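Shown next, in structure tokens, is the structure this report addresses.
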Amino acid sequence: MVDTVNENIASDTGAEPVAVPQDTILEVDRLQTYFYTRGGIVKAVDDVSFQLGRGETLGIVGESGCGKSITALSILRLVPSPPGRIIGGEVRLEGRNLLDCDEDEMRDIRGNEISMIFQEPMTSLNPVITIGRQIGEALILHQGMSQNEAMEKAIEMLALVRIPEPQQRVKEYPHQLSGGMRQRVMIAMALSCNPKVLIADEPTTALDVTIQAQILELIVELKEKLGTAVILITHDLGVVAETTQRVVVMYAGKKVEEAEVLDLFQNPMHPYTQGLLSSIPSLGILSGDSSQVEERLTEIPGMVPALNDLPVGCAFAPRCPYADDQCIAAYPPYEERSSGHWAACWHSDKLGGRTHG
Amino acid sequence: MAATIDHDAELAKAGAGVEGKWGAFLYFCRRYPLGAAGGVISLLFVLAAIFADVIAPHDPLATNAAASLSAPDQSFVMGADMMGRDVYSRIIHGARISLAVGIGSTLLGGLLGVIIGLMSGYLLGWFDLVMQRIIDIMQALPLLVMALVMAASLGPSLENTIIAISIPLIPQVARVIRSNTLSLREMPFVEAAQALGMSEFRIAIRHILPNTMAPFIVLATAQLSSAILTEASLSFLGLGIPEPHPSWGRMLSESAAEYVRTAPWLVIFPGIAISLAVFGTNLLGDAIRDLLDPRQRN
């Protein structure tokens with residue numbers, strides 16, 4: 001029964017048939033990144049594990065300060081140190097533990113096998129260097145190309161990210177481009193060495209909505225064309241629904257839920273995910289023809305706890321409508337609640353099957 | 001009552017319709033007439049230095065007892081000194097020395113300052129701490145006093161004069177570059193470069209250094225004129241360029257006390273040369289600063 005439902009969904013959306021990825025390219029295993037500050041230990045990433053299949057798109061979702069970006073920086077070993085330190089776990093790229101690599105080996109991996117796109121396209125490009133040379137830099141560095149070869153490849157990459165007149169654009173400076181164009185240039189830079197994994201850290205946050213859609217479309221299209229696996233970090237569940245196959249939900253440095261994207265949307269098993277989902281305005285409310293018009297948009301009460309002062313029990317308990325004594329006393333186990341659907345909540349059973357409208 | 005606005009005049013003032021290198025040059029002259037004047041003066045000195053052998057009517061080192069202390073006339077346009085050497089020729093050849101010292105020490109001091117500033121600002125830690133304290137000490141001494149000490153300990157020669165003047169120029173450059181580097185190293189494009197697998201050295205040279213060049217150019221033009229002036233002062237005190245090479249400062253010092261009343265041309269013309277050279281480079285430097293600093297535009 002469940003299988004047929006899944007199959008129907010898959011064929012409806014035209015997405016790849018969902019299956020546990022056989023061919024894992026990147027494995028994050030019990031990663032712990034702590035920040036040692038005056039206020040105490042900040043557990044920015046605590047015991048986070050996930051796997052990324054070849055060519056898969058994985059979404060990491062959570063609100064600001066939940067550890068999404070630090071997870072990404074930890075994979076590339078770019079956590080600012082001090083105060084940050086990766087204190088435990090493993091990050092395996094095709095079986096090779098990146099945390100054991102020395103700095104030289106890491107530099108070979110960054111930009112070459114794992115690339116990253118940042119939030120701020122306006123300032124992520126160097127204002128005094130032409131975009132062609134900036135794209136070419138990684139190629140000269142990692143592929144040993146000559147200046148001329150790199151420039152030709154840069155033009156090719158600009159055409160690939162659909163920047164018009166790439167021959168002219170390649171000689172221009174970042175201030176001559178719009179925000180959306182700069183993010184395209186960043187994508188061109190990140191993909192120029194044909195990396196196995198692309199980490200996109202809120203790639204559309206600084207852009208306006210119409211441009212956001214174009215950039216996401218571009219990332220998905222290039223991912224399919226080049227076979228790159230993508231980790232998409234975002235706080236926008238709409239973005240996740242459109243682009244990813246599997247989603248990891250993080251809260252206060254911990255992974256609280258992981259599931260296939262449709263499963264997660266239809267059947268959230270953690271109250272935090274449920275809260276996130278119900279704080280999205282539904283189309284009925286927007287169009288005004290539903291009986292729900294009078295209904296207020298639900299919000300999650302309270303605030304994210306300070307990461308240096310987490311409660312003993314579930315970090316979400318103070319904000320959770322289902323919280324009881326057990327939640328406050330002990331952290332819930334992270335368990336598989338249904339096939340391929342993991343969650344860390346004492347009350348997942350009560351939540352399960354509750355379909356969000 | 002709205003004031004009538006002459007659109008064409010406003011556009012011309014803003015530099016619209018400026019085409020090509022020549023047009024841009026003419027616009028610069030109209031917009032910064034003083035800077036253009038400074039540029040012309042500086043250019044004259046550069047030309048004088050390059051073509052000194054052609055322009056100078058006499059050998060600047062040739063003595064002529066018969067012409068000793070002769071007043072300006074047709075053969076000696078600016079008169080002759082005590083040994084009968086032509087002042088005009090000596091001033092033209094002196095431009096070589098002044099420019100060599102000015103440009104040489106600015107470049108040397110600037111290079112050292114940029115290296116120290118970049119390393120301090122990027123590496124931080126103990127290197128920064130030690131370097132900044134050394135620079136504190138250097139900054140506590142006036143430029144001339146330091147140059148004096150350096151020149152006295154190195155001995156008089158052209159190279160030593162350049163070195164002596166360049167050392168006191170380091171602190172200011174190092175401070176400016178360091179403060180710029182401090183803010184630039186936090187820019188997202190540095191993080192992006194790290195994510196592309198670039199080494200720290202490469203990031204410092206390829207990404208941070210080019211971004212610090214605008215303030216450096218402004219500072220360097222200001223230092224050029226103070227280097228020329230310091231050379232004149234050193235030579236005036238007998239510590240700069242040795243005899244018999246014509247240095248403006250030495251020409252002044254040789255004649256100031258003895259001949260200022262009897263042969264004033266020996267004092268006036270080198271004095272004018274020094275003043276003009278400093279004035280010219282200062283005007284040019286101000287214009288470049290205005291041009292590079294958007295906040296100064298109006």
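Values in this text are rule-based calculations from the coordinates and carry no lab data. Computed from a prediction, not measured in an experiment: that's the story for all the values here. We place every Cβ from the backbone using ideal geometry, glycine too, and count neighbours over all the protein chains shown.
Does region B:22-31 contain at least one residue that is over 26 Å from B:A222 (Cβ atoms) and either touching a residue at least 24 places away in the same chain (Cβ under 8 Å) or not aliphatic (A, V, I, L, M) (or both)? Yes, the conditions are met somewhere in region B:22-31. Scanning region A:190-223 for residues that are surrounded by fewer than 18 Cβ atoms within 10 Å (Cβ to Cβ), part of a helix (DSSP H, G or I) and touching a residue at least 24 places away in the same chain (Cβ under 8 Å) yields A:Q214, A:V220. Of the residues in region B:215-225, how many are buried (at least 22 other Cβ atoms within 10 Å of the Cβ) and hydroxyl-bearing (S, T, Y)? Residues meeting the conditions: 1. Those helices (runs of 4 or more DSSP H) of region B:6-62 in which at least 3 residues are under 18 Å from B:I272 (Cα atoms) and out of contact with any strand residue (DSSP E or B) (no Cβ under 6 Å at 6 or more places or on another chain), considering only elements entirely within it, cover B:33-50.
Could you check how many residues of region A:96-131 are in contact (Cβ under 8 Å) with a residue 40 or more places away in the chain and either closer than 14 Å to A:V197 by Cβ or not polar (S, T, N, Q) (or both)?
Step one: list which residues in region A:96-131 are in contact (Cβ under 8 Å) with a residue 40 or more places away in the chain, which gives A:111-122, A:124-131.
When the remaining residues are screened for being either closer than 14 Å to A:V197 by Cβ or not polar (S, T, N, Q) (or both), the result is A:111-118, A:120-122, A:125, A:127-129, A:131.
Result for region A:96-131: 16.
Could you check region A:88-115 and list, in sequence order, the residues that are outside any loop (DSSP other than H, G, I, E, B) and either of a type in the set (D, E) or facing chain B (nearest Cβ under 9 Å) (or both)?
Scanning region A:88-115 gives A:E90, A:D100, A:E103, A:D104, A:E105, A:M106, A:R107, A:D108, A:I109, A:R110, A:I114, A:S115.
For region A:116-134, the set of residues classified as within 10 Å of chain B (Cβ to nearest Cβ) and in a helix (DSSP H, G or I) consists of A:R133, A:Q134, listed by residue number. Could you count how many residues in region A:138-180 are within 14 Å of chain B (Cβ to nearest Cβ), in a helix (DSSP H, G or I) and either closer than 21 Å to A:P203 by Cα or touching a residue at least 12 places away in the same chain (Cβ under 8 Å) (or both)? Here the count works out to 11. Checked against the criterion of being of a type outside the set (A, V, I, L, M, F, W, C) and within 14 Å of chain A (Cβ to nearest Cβ), region B:264-277 has no qualifying residue. Among the residues of region B:168-196, those that are farther than 27 Å from A:D201 by Cα and buried (at least 20 other Cβ atoms within 10 Å of the Cβ) comprise B:P168, B:L169, B:I170, B:P171, B:Q172, B:V173, B:A174, B:R175, B:I177, B:R178, B:N180.
Assess whether A:R85 counts as being among the basic types (K, R), more than 14 Å from chain B (Cβ to nearest Cβ), within 23 Å of the chain's Cα centre (by Cα) and buried (at least 19 other Cβ atoms within 10 Å of the Cβ). Here the answer is no, as A:R85 does not meet what is asked.
Those residues that are in a helix (DSSP H, G or I), in contact (Cβ under 8 Å) with a residue 12 or more places away in the chain and either within 9 Å of chain A (Cβ to nearest Cβ) or not aliphatic (A, V, I, L, M) (or both), I need them from region B:183-205; list them, please. Residues satisfying the conditions are B:F189, B:V190, B:A193, B:E200.
Residue check: A:V79 meets all listed conditions (1) of a type in the set (A, V, I, L, M, F, W, C); (2) in contact (Cβ under 8 Å) with a residue 60 or more places away in the chain; (3) buried (at least 19 other Cβ atoms within 10 Å of the Cβ) but one, namely (2).
B:D290 falls short on exactly one of the conditions (1) in contact (Cβ under 8 Å) with a residue 60 or more places away in the chain; (2) within 14 Å of chain A (Cβ to nearest Cβ), and that condition is (2).
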